[in-house]
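Below is one structure, written out as structure tokens; the observations come after it.
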Amino acid sequence: MDTRAIALQFAKRMVGHRNALAGKADDAMRVQFALHQASSALGDQQDAVRQAAGEVLGHWDGATSEQFQRRSDRLADQIRVTAAISTQAEKVVAGASSALVTGHTAAQRLIDEYVTKAAALLDAGVASGSRAALMKAVAAAADLEPRYMRESVRNVRLVKAELGEAKRKLRALEREIEDDGIAGPRVVRREGGGGATRPSGAKARKIVSAARGEIGTRESPPGSNRNPYGPTTYWCSSFATAMWRKAGVDIPVLPFTGDVYRWGQRHGKAYGNGDLVQNVRPGDVLLFGTGPQSPATSKHIGIVEKVDGDTVTLIEGNSGDQVRRNTHQLSSTKFYGGVHP
């Protein structure tokens, strides 16, 4: 009689735990290696962008060379940020891999310990030559399994907790990339000369996070303009300024979109539609229409969630009687300007 094989049958649930941990550990190690390669490749790409830009600017002395320099610097900086995030993600995954390997080792130890004890019981029953003694040994081996199984379950729960924390950290890093490079200040030109310094990355992230949390909120009842952000009237601007206030921007709730633009002008944060791609970034607001003069010319407003080339994703209040995410082209015929928080 192969008593170890019988003992392994009793331990099949623990074996399942061990195998699952082994499979996840292999997956985590592959991801870790891929992130390491990505981080290295991005570092090389950043160097290549800076070198190519330097070569171009060495032969270019024109009015638009400064703008090209800023854009190439911004691209190189975004690559650098992404590479740094990849490195951080690699460390997070390395921690998860370590937890999985440790959990797998613990699972194997439990199996080995249980099988050794259960097989010894079964061997003693077989050696007795008594059927009754053998049946008693089988029952004892079966009764021993739940204690080891409970410890195996605790082991799996500890590993899951580690993986849950790693998942939370990776999601936070993913949001940093989705925010389209809002970490760190950048000076932009605005109409009339001078510059406006962008808000801290933390403030912009708070604005975007607050706006995302409101997606799906509806006026009640529909068509009434009753909303949780300001007075009972058209409320896209009330929503936008309420989200800014939630993130710590010192601005009153302004129900009229044109007033937001004028607030930006007074505080040196407004920009026109001459170069939206260059100026706009997450956390800003964009103004729909032709100017801030009246509701007929300043028609709508949205919070910038993401910028991708000449496409912008906005989170907008009072869009179909609710807070919604919409995508638009960065067109000077659609937007008359924007405001940094």
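The values are calculated or read from the model by the stated rules, or taken from the named source; none is laboratory data. All values reported here derive from a predicted model rather than from experimental measurement. Please note: Cβ atoms are built from the backbone with ideal geometry, for glycine as well, and neighbour counts cover all protein chains shown. These area figures cover heavy atoms from the full protein model, side chains too; ligands, DNA and RNA do not enter into them. Shrake-Rupley method; radii C 1.70, N 1.55, O 1.52, S 1.80 Å.
At q = 0.17, 0.22 Å⁻¹, work out log10 I(q)/I(0) for the stretch 218-341 with the Debye formula, treating every Cα as an identical point scatterer and leaving solvent out; two decimals please. Log10 of I(q)/I(0), two decimals: -0.78, -1.32. Can you give the FRET efficiency to the nearest 0.05 for residue 77 and residue 147, using r as the Cβ-Cβ distance and R₀ = 41 Å? The calculated FRET efficiency here is 0.10. Heavy atoms of the protein chains alone define the surface here; on that basis the chain has 52 Å² accessible area per residue at 1.4 Å probe size. For residue 91, the lysines whose Cα falls under 17 Å of its own Cα, not counting residues fewer than eight places away in the same chain, are 24, 167, 169. Packing, as the average of other Cβ atoms within 10 Å across residues, places the peptides 165-174, 101-110 in the order 101-110, 165-174, highest first.
Full extension of the chain between residue 98 and residue 135 gives 9.1 nm of extra length, using 0.36 nm per residue less the Cα-Cα distance.
Length gained on full extension, residue 267 to residue 116, computed as 0.36 nm times the residue gap minus the Cα-Cα distance: 46.8 nm.
Whole-percent P(r), the chain, all Cα pairs, 10 Å bins from 0: 5, 19, 20, 16, 13, 10, 8, 6, 3, 1, 0.
Evaluated with a Cβ-only charge set (Lys, Arg +1; Asp, Glu -1), the chain carries a dipole of roughly 1080 debye about its Cα centre, given to the nearest 20. For residue 335, the residues 5 or more places off, or on other chains, whose built amide H falls under 5 Å of its own are 289. Sorting 314-320, 326-332, 82-88 by their mean Cβ neighbour count within 10 Å, with the most densely packed peptide first, gives 314-320, 82-88, 326-332.
At a 1.4 Å probe radius, carbon and sulfur cover how many percent of the accessible area of the stretch 115-175?
Carbon with sulfur: 58 percent of the solvent-accessible area.
3J(HN,Hα) along the stretch 233-241, derived from phi through the Karplus expression 6.51 cos²θ - 1.76 cosθ + 1.60 where θ = phi - 60°, amounts to 6, 3, 10, 4, 6, 4, 4, 4, 6 Hz, with x in place of Gly and Pro. Once the C-beta distance of residue 165 and residue 123 is scaled by a Förster radius of 30 Å, the resulting FRET efficiency is 0.10 to the nearest 0.05.
Here the extension length gained between residue 105 and residue 40 equals 20.3 nm, from 0.36 nm per residue of separation less the Cα-Cα distance.
How large a share of the accessible area of the stretch 265-311, in percent, is made up of carbon and sulfur atoms when the probe is 1.4 Å and the other protein chains stay in place?
In the stretch 265-311, the share of accessible area belonging to carbon and sulfur is 49 percent.
For residue 334, the lysines whose Cα falls under 22 Å of its own Cα, not counting residues fewer than eight places away in the same chain, are 269, 299, 306.
Take the Cα of residue 33, step 7 Å toward its Cβ, do the same at residue 174, and the gap between the two points is 2.4 nm. The H on the amide N of residue 217, modeled in the peptide plane, is under 5 Å from the matching H of 323, each at least 5 residues off or on a different chain.
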